[in-house]
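Every read-out reported here was derived from the displayed coordinates using simple, explicitly stated rules and does not represent laboratory data. Because the structure is predicted, anything quoted here is derived from the model rather than measured. Quick reminder, even Gly has a Cβ in these numbers, built from the backbone with ideal geometry, and neighbours come from all protein chains shown.
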Amino acid sequence: MFLVALVILYRIFVLNIDFGSVLVVATLLAAFSWVLGLILTIEELRKESKSYFIILLAITFIRSFAYEPYQIPSRSMVPGLQVGDFVLVNKHAYGLKFPGTNYLLTKLKKPERNDVAVFVPPHTLCDVSPLQARPDLGALTMQQSQLFLNKFLKLQEDRCTKNGIKYVKRIIGIPGDEVEVKGYEIWINGKKLKHEIISKVNGESLIEETINEEVHVIRTLGLTEYAQHKWKVPEGSYLAIGDNRDNSLDSRAWGYFSKDTLVGKAEYIWLHWSSFSDIPTFSRNQRIK
């Protein structure tokens, strides 16, 4: 039964679905059945419904207001996060939301630069316009704006869903920041981030990058060393880039993500299970930098 439970957990996390609304509905149904059992004096219905209600309520509370597990499905955050890492996401880091919605129950706690955040990017939502993804679109040159429009609309056509898809990236820019990227070097408000190469093998480099005196490691392959980007982050928006700089679909392609689509802050790796044929391991258990 333990193996069956692990398989079920694996499939649930791979689906990348927000089960908040489902859990709320299931909890309410269990509560309704419990009350119905009391009114109709059906002892078996009352006992069964009560036990399910307590279990579902506990799961809903923990998942919605404390921590929620996610599985990393891509290499966009390598080397810090690997495919198959299961991470715990702090759901109260940026304020509590009603389960399955973007409705804040508490005041928004603003994300900080260098946070590894989980959010829904604009191109994965079918009802978001390119102007919402880049409110500063009018400040770009004609060529730059047309390039962004073409890329965003193509991504949205290929990937959008009603509820969007959750991404995990590192926050580089917060509202009001002026961020400039030249190849792999980044300037924030005119100050260049410290880069220190720690490994260079066969064109792959591992670089220690420092933001707000916190160090993390990024990976480069030399594919976009001449790319240039410039942003002034608008109010209510955030700029996010993956640590695997040459293999990450991030703000360089789809613009900013909104504070309204924040899910939480990724804080811990608690399990690694790279594929169904492998054995789960706790060897990568660590706090996310």
Nearest-0.05 FRET efficiency for E204 and I59 at R0 = 35 Å, using Cβ-Cβ distance, is 0.25
FRET efficiency, 1/(1 + (r/R0)^6) with R0 51 Å, evaluated for A66 and L149 via beta carbons:
0.80
Mind checking the dipole of the chain: about its Cα centre, +1 per Lys or Arg Cβ, -1 per Asp or Glu Cβ, Debye to the nearest 20?
260
Please sort through the DSSP H helices of the chain and keep those with an alpha-carbon extent of at least 15 Å along the long axis and a Kyte-Doolittle average not below 1.6.
2-14, 20-39
With respect to the cross-link table entries K191/K232; K200/K265; K97/K259, which display a Cα-Cα separation exceeding 19 Å?
K200/K265
Show me the trypsin sites (Lys or Arg not before Pro) within region 48-121 that DSSP assigns to loop and that have at most 12 other Cβ atoms within 10 Å of their Cβ.
K107
Using the C-alpha atoms of region 69-228, what convex hull volume per residue, in cubic angstrom, is computed?
153
Compute the Rg to Rh ratio over region 160-289 from the alpha carbon atoms, using the Kirkwood formula for Rh, and round to two decimal places.
0.98
Take the Cα pairs of the chain, get the Kirkwood Rh, then feed it into Stokes-Einstein at 10 °C and 1.306 mPa s and tell me D in µm²/s.
76
State the answer as a single residue: which of S129, F32, G255 lies farthest towards the positive end of the charge dipole of the chain, with beta carbon charges of +1 for Lys and Arg and -1 for Asp and Glu, about the Cα centre.
F32
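Determine the gain in length on full extension of the stretch V215-Q228; use 0.36 nm per residue of separation and subtract their C-alpha separation, reporting nm with one decimal. Intermediate values should be presented prior to the final figure.
Working: separation 13, 0.36 × 13 = 4.68 nm, distance 2.31 nm.
Net length gain for the segment: 2.4 nm.
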Treating the Cα atoms of region 197-262 as identical point scatterers in vacuum, please give the log10 of the normalised Debye intensity I(q)/I(0) at q = 0.14, 0.20, 0.22, 0.24 Å⁻¹, two decimals.
-0.52, -0.95, -1.07, -1.16
Given chymotrypsin sites (Phe, Trp or Tyr not before Pro), DSSP loops and at most 15 other Cβ atoms within 10 Å, the longest exposed-site-free stretch of the chain is 104-225
Quick check for you: which residues of region 165-180 have the amide N under 20 Å from the point 7 Å beyond the Cα of S74 toward its beta carbon?
165-173
For region 37-163, what number results from the quotient of the Cα radius of gyration and 2.2 N^0.38 Å?
1.52
